[in-house]
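Shown next, in structure tokens, is the structure this report addresses.
The values are calculated or read from the model by the stated rules, or taken from the named source; none is laboratory data. Given the structure is predicted, the values throughout are model-derived calculations rather than measurements. For neighbour counting, all protein chains shown are included, and Cβ atoms are generated from backbone atoms with ideal geometry for every residue, glycine included. Only protein heavy atoms, including side chains, enter the accessible area calculation; ligands, DNA and RNA are left aside. Shrake-Rupley method; radii C 1.70, N 1.55, O 1.52, S 1.80 Å.
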2 protein chains.
Amino acid sequence: MAKQRDDEPMTYAASGVDIDAGDRAAERIRHHLKRTYGPRVMGQEGAFAGMLRLDYNEKLFSRNYKDPVLVACTDGVGTKVKLAIRLGKHDTIGRDCVAMNVNDLIVQGAEPLLFLDYVGLHEVTPAFLERVVRGVADGCAEAGCALLGGETAEMPDVYAEDDYDLAGFAVGVVELSRAIKGTDRVAPGDVVLGLASSGIHANGFSLVRAIVDRAGLDLRRVYDGYAGDPVAGGRPLGEALLEPTRIYAKPIVSLLRSYSRKRPVVGMAHITGGGLPGNLNRALPEDCDAALDRSSWRVPDLFGFLQEHGRVETEEMFRVFNMGVGYTLIVRPHFAEGVADRLRRSGETVYELGEIVRGKGEVRL
Amino acid sequence: MAKQRDDEPMTYAASGVDIDAGDRAAERIRHHLKRTYGPRVMGQEGAFAGMLRLDYNEKLFSRNYKDPVLVACTDGVGTKVKLAIRLGKHDTIGRDCVAMNVNDLIVQGAEPLLFLDYVGLHEVTPAFLERVVRGVADGCAEAGCALLGGETAEMPDVYAEDDYDLAGFAVGVVELSRAIKGTDRVAPGDVVLGLASSGIHANGFSLVRAIVDRAGLDLRRVYDGYAGDPVAGGRPLGEALLEPTRIYAKPIVSLLRSYSRKRPVVGMAHITGGGLPGNLNRALPEDCDAALDRSSWRVPDLFGFLQEHGRVETEEMFRVFNMGVGYTLIVRPHFAEGVADRLRRSGETVYELGEIVRGKGEVRL
């Protein structure tokens, strides 16, 4: 950023905004956006907003909508960015951002359509921005949605040097009769399935960082304390913590499509801040509990490692972290095995966590 | 935020995140969201994402879509937040955020449907957050779109105390045959109409703040230098600068609907960072210029006041600020008078800025 001399007329560049750097960055990230585009995206130079054709009458897509419902949400990656900054590794945080959003969309039965990202930062560096957006595009490609655009806001007075924030917005669509809304289809006897997480995902990082700092942990060191962890084991601590959030969109969308008439999935939850007790409960009616068996899955060692070094109570761990389960489904008992098999064939690790019983809308662990 | 003692087990709250404050804030903002809801919004407790029914087969809405195109964009308010923070006035910055987004959507001919906001901040204060979200809801109500949800991210290590960032995300819909895409309908002889801005809007605030600081201007003082300004005149400088961005959604949507067959509007532009030369050009084909007559509208005095105190070159002013024109339309000559009349009846101040001539895709001022 150019320094302004007191005797010069003032310019926008001298007030701290480098428009050229922004343009160069836009150039570099354009091809990352394009690789997420399917035939629905209507590309155009200079547009003020992105456009995506729903295609109802074109039958380019095998199924058609009669009463489409748009599903939309926004989420950021929280202080996981601070870890990315500390490690100087910015190419996967965008995947977290996509995951945090599309994993919410699919809970309502929606198919992700489009995504937009917002990056607030101190100063635009084209190479840095490309790294972040590459991660966002990777996530979009994996979730099957178009990265329709984004905004980069250079705000040197809000963000400290090297600091940034990353937020995302996702839109999906679901046919009204297939939307998963409310909790009234959940009933005692239904089975609760859990899908393995890939690690900490993008919640609880204020606590993670406090533990790391207070216990004096070295982010570049490989610790034995989580050697048996299926994802983190054998990797440096920082890299293990930064492992991007698993994206459940394609397996879940494909599952719901395959049961287009029977609808055996009666509720779902994305396990984020609040953990299993604070998210699975959102899928429960007032008169049902989810009775989970803690021995039905193995909590990955990385969580135990953090718990030990932070001397965190076990209940607190379950209220902050996903503890190895990133997504849950509530399924009619007769279909539980079939649903689990399909998800395993899609590459998921599936646990039968427990079942729905009469109760008060709570998760019993 | 509770201080953590070294000998205590660690908790999430002690690491800097107050979940209860977040819940209280959510309670306070819920009714602001609800007042933006029409019959398309499917409200539900505990949902992971907002839902909006497009209603094609229900005919609740007078017109129907055959080949709907989703239009989406994201934008923030830039460093205008810093001015809001300095003045301790947070109830209109949300309107800016909505305006920056919906004014982009309508350029493609879209009707705004839904909005989501993202607030990143140091610490959640329910009263503060309510003020911000109230402004967002006001903007949504004025734009005719539903505030379907939002995210508040408490990040004490990214945002300094009292600092925050505000980004928004908007989705609209347009029937394919009525979408304004590309620039090929623009031709020599077309008339360029401009709609008056309400002031600085939400661009160029890094320069505004640099001018204020270098010239030692007092934000609480009423200056004679902009006494003749139709919006700013007679008001303290800070308040005049903070005047929210005008939302052009309803008049433009209504205009486009009223010409459902003739389509006399061949291009539009939302005048943001880059000013008239950097935005109206996006609506021009490669072989046309927009020849504007600077005497066709009066630049509001607030711009002259800033220019003088910052000793900014006139060309630079036009490249950073809207200079009194917040939105432009390119209209078939035969319809220019009728379009201008309709917009005036919707409450807009309309200027005939100039016309389209043969050229190189540039804006001549």
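A compact table of results
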| quantity | calculated |
| --- | --- |
| Filtered residues of segment B:82-101 (kept if open to solvent by 10 Å² or more (accessible area, probe 1.4 Å) and in contact (Cβ under 8 Å) with a residue 60 or more places away in the chain) | B:Lys82, B:Ile85, B:Arg86, B:Leu87, B:Lys89, B:Thr92, B:Arg95 |
| Matching option when the condition is crowded, with 19+ Cβ neighbours inside 10 Å, under 17 Å from the mean Cα position of the chain (by Cα) and small (Gly, Ala, Ser), among A:Gly267, A:Gly273 | A:Gly273 |
| Matching residues in segment A:64-81 - criterion: being more than 7 Å from chain B (Cβ to nearest Cβ) and either at pLDDT below 95 or open to solvent by 30 Å² or more (accessible area, probe 1.4 Å) (or both) | A:Asn64, A:Tyr65 |
| Residue, farthest from A:Gly94 (Cα to Cα), within segment A:185-214, restricted to residues that are within 11 Å of chain B (Cβ to nearest Cβ) and open to solvent by 40 Å² or more (accessible area, probe 1.4 Å) | A:Arg214 |
| Set A:Ala99, A:Ala13, A:Ala84, A:Ala26: member being in contact with a helix residue (DSSP H, G or I) (Cβ under 8 Å, 6 or more places away or on another chain) and either at pLDDT below 80 or within 9 Å of chain B (Cβ to nearest Cβ) (or both) | A:Ala13 |
| Test set (1) out of contact with any Leu (no Cβ under 7 Å at 6 or more places or on another chain); (2) at pLDDT 95 or above; (3) assigned by TED's automatic domain parsing to the domain that holds B:Phe205; (4) not in a strand (DSSP E or B) - B:Arg220 fails condition number | (3) |
| Flag if A:Leu242 is open to solvent by less than 20 Å² (accessible area, probe 1.4 Å), under 12 Å from A:Gly199 (Cα atoms), over 15 Å from the mean Cα position of the chain (by Cα) and not acidic (Asp, Glu) | no |
| Search result, residues across segment B:161-172 that are open to solvent by 10 Å² or more (accessible area, probe 1.4 Å) and within 8 Å of chain A (Cβ to nearest Cβ) | B:Asp163 |
| Verdict on B:Ala179 being touching a Ser or Thr at 6+ places or on another chain (Cβ under 9 Å) and surrounded by fewer than 24 Cβ atoms within 10 Å (Cβ to Cβ) | no |
| Test: residue in segment B:330-338 that is among the β-branched types (Val, Ile, Thr), open to solvent by less than 10 Å² (accessible area, probe 1.4 Å), within 14 Å of chain A (Cβ to nearest Cβ) and in contact with a Lys or Arg (Cβ under 9 Å, 6 or more places away or on another chain) | yes |
| Single condition A:Val119 does not satisfy, out of (1) modelled with pLDDT under 95; (2) assigned to a strand (DSSP E or B) | (1) |
| Any pair with Cβ under 7 angstrom, 6 or more apart, that starts in segment B:303-315 at a residue that is more than 7 Å from chain A (Cβ to nearest Cβ) and crowded, with 20+ Cβ neighbours inside 10 Å and ends at one that is part of a helix (DSSP H, G or I) and among the aromatic types (Phe, Trp, Tyr) | B:Phe305/B:Tyr226 |
| Residues (away from chain B (no Cβ under 14 Å) and open to solvent by less than 10 Å² (accessible area, probe 1.4 Å)) located in segment A:102-146 | A:Leu129, A:Val132, A:Gly135, A:Ala137, A:Gly139 |
| Residue list for segment B:161-177, filter: within 27 Å of B:Leu87 (Cα to Cα) and assigned to a strand (DSSP E or B) | B:Tyr164, B:Asp165, B:Leu166, B:Ala167, B:Gly168, B:Phe169 |
